[in-house]
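Below: the structure, in structure tokens.
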Amino acid sequence: MTTAPTDRPAPPRVLFGSFDAERSWEARGGRSALPSLAPGPAAAALAGADELLLQLCGPRDLLLTGRPMVPELLADLRSHAALGAVATVPGDPAVPVEERLAAGAGAGLGASAHTPLPYAVLPVTPAAVAGLGGTAAVPEPAAVLAVNAKTWANAFCAAHGVEGAARTAGSAEELEREVGRLGYPVVLKSAHGVAGRGSMVVTDALRLGAVLRYQRARAADRGEPLLVQRLYQRAADFSAHFDLAPDGSMGEVAFRGMTNTGLSFAGSDTLDERVEARLRADDGYLRVLAALGAELGAAGYWGPVCVDGLIATDGTLVPVLDVNARLSMGRIALALDAAAPTRLTRLSFAAVRCSGEPRDSYLTIRRMLAEAGLAVTGDRGHGVRVLTAATLRAPVGRCYYVVQADTTEQVAESERRLRELLAQLPSAS
């Protein structure tokens, strides 16, 4: 069921939370049955990414951050949209915000009457909400953990006959058998993982042999089962976004395009209007989303939902590749769309060398953009905006940015020029 829009003002919200929820879920859900191919981003960079949540804050909302925001960044962001208030949670910046709130550090931040909207519900989140002095509920962490597992989404696909359902392998022998049935290439997925962590493309017996040896060496500590899925040749990646209310009602669906590097998320883009038109005209696809929303609600989840899907080069629609029962980069990008409704937008990030304090790096990047004529200003509606500063921590940080332009070619050119500038940043001595 889809709820109708309402003119009633929404209650004020308080936003906060860790952008690396999957690491917590993976630790509780069971050890990955896949070897790690690449390290994830530095914890400090992800901790500072909570500044991105300001894009979701309306004028009456409150954002709680782990570190004080750079004043120049805050002023720059507010020059483009009417954003909410910001407060820093007291305590050790190395301690996650949720844990500080649970220990009572947020009691004086004035959020007791706000509706909580965490980036993701973690085991500590109910205590964090209670620490704010509020009485609003959040979903049970156990339910959130369950529905964010790739095995849950796959069970939904299998039960509903949805294209893309994977096979399950709980041992090295089962894995070898299922890969043999599907044939190369295949994608192997562990139950939890994000941005390519916990997923691997297997194209031949050599790569499969490495995984089998890894599993057999750890037979006594096997962890969660693997999913074995056909590798689709992608023509378009996309994400569908909606909200589930506690009563199970489902809000309107919005779409974003995605850019992936291999299996890793690389950016959220304005979706090609032809792809969006196809999705909105496909009654079968919309029924899948409605059924998915109903089952998420039945499992005890409510809140923001992001459902990744793809269209293959042969035209096959894969409606549910992944279910993210949390906020997402795509949801933040939708808010950026609203701030620049006549532009195409691309939300992405880049690893950058940093020196000095984050404020130093932010001001340097801001100056470089202005000198290159790339900065979005009141008179110039296309170009680049940097969205975070706390992530610019030495020696290697992350620069989160949005590109605004009139055409996809202009988006690509502005991003190319931005990355050339970022490569010129001085490194820490």
Check your understanding: How large is the convex hull of the Cα atoms of segment 232-330 per residue, expressed in Å³ as a whole number?
Key -> 93 Å³
Check your understanding: Taking Rh as the Kirkwood radius, which is the inverse of the mean 1/r over Cα pairs, what is the Rg/Rh value for segment 79-183?
Key -> 1.20
Exercise for review: Averaging over all projection directions, find the projected area of the Cα convex hull of the chain and quote it in nm² with one decimal place.
Suggested key: 21.3 nm²
Check your understanding: With point charges of +1 on the Cβ of Lys and Arg and -1 on the Cβ of Asp and Glu, referenced to the Cα centre of the chain, which listed residue (Asn154, Phe265, Ser249) lies farthest in the positive direction of the dipole?
Key -> Phe265
Exercise for review: Using θ = phi - 60° and the Karplus relation 6.51 cos²θ - 1.76 cosθ + 1.60, list the HN-Hα couplings for segment 392-408 in order, rounded to whole Hz, with x at every Gly or Pro.
Suggested key: 8, 9, 5, x, 10, x, 10, 9, 8, 8, 10, 9, 10, 7, 8, 9, 5
Exercise for review: Calculate the radius of gyration of the Cα atoms of segment 340-422 to one decimal place, then report Dmax, the largest Cα-Cα distance, as a whole number, both in Å.
Suggested key: 12.4, 37
**Study point:** Equivalent ellipsoid, segment 13-138 (semi-axes from 5 times Cα gyration tensor eigenvalues, Å)
**Key:** 25, 19, 13
Check your understanding: Quick one: Karplus J couplings for segment 172-188, per residue in order, coefficients 6.51, -1.76, 1.60, θ = phi - 60°, nearest Hz, x for Gly and Pro?
Key -> 4, 5, 5, 4, 4, 5, 5, 5, x, 5, 7, x, 6, x, 9, 10, 9
Review point. Taking the chain as a Gaussian network, Cα atoms linked when under 10 Å apart, which of Ala375, Ala47, Ala339 shows the biggest mean-square fluctuation?
Key: Ala339
Practice item. Determine the principal axes of the Cα atoms in segment 183-304, then give the extent along each, sorted from largest to smallest and rounded to whole angstroms. Key: 47, 34, 25
Exercise for review: Could you list the square roots of 5 times each eigenvalue of the Cα gyration tensor of segment 236-284, that is, the equivalent ellipsoid semi-axes, sorted largest first and rounded to whole Å?
Suggested key: 23, 16, 8
Review point. How big is the Kirkwood radius of segment 304-360, worked out from every pair of different alpha carbons and given in Å to one decimal?
Key: 14.6 Å
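Each reported figure results from applying straightforward, stated rules to the coordinates on display, with no laboratory input. It should be emphasised that the depicted structure is a prediction, and the values quoted were computed from it without experimental measurement. In this analysis, Cβ positions are derived from the backbone assuming ideal geometry, glycine residues included, and neighbour counts consider all displayed protein chains.
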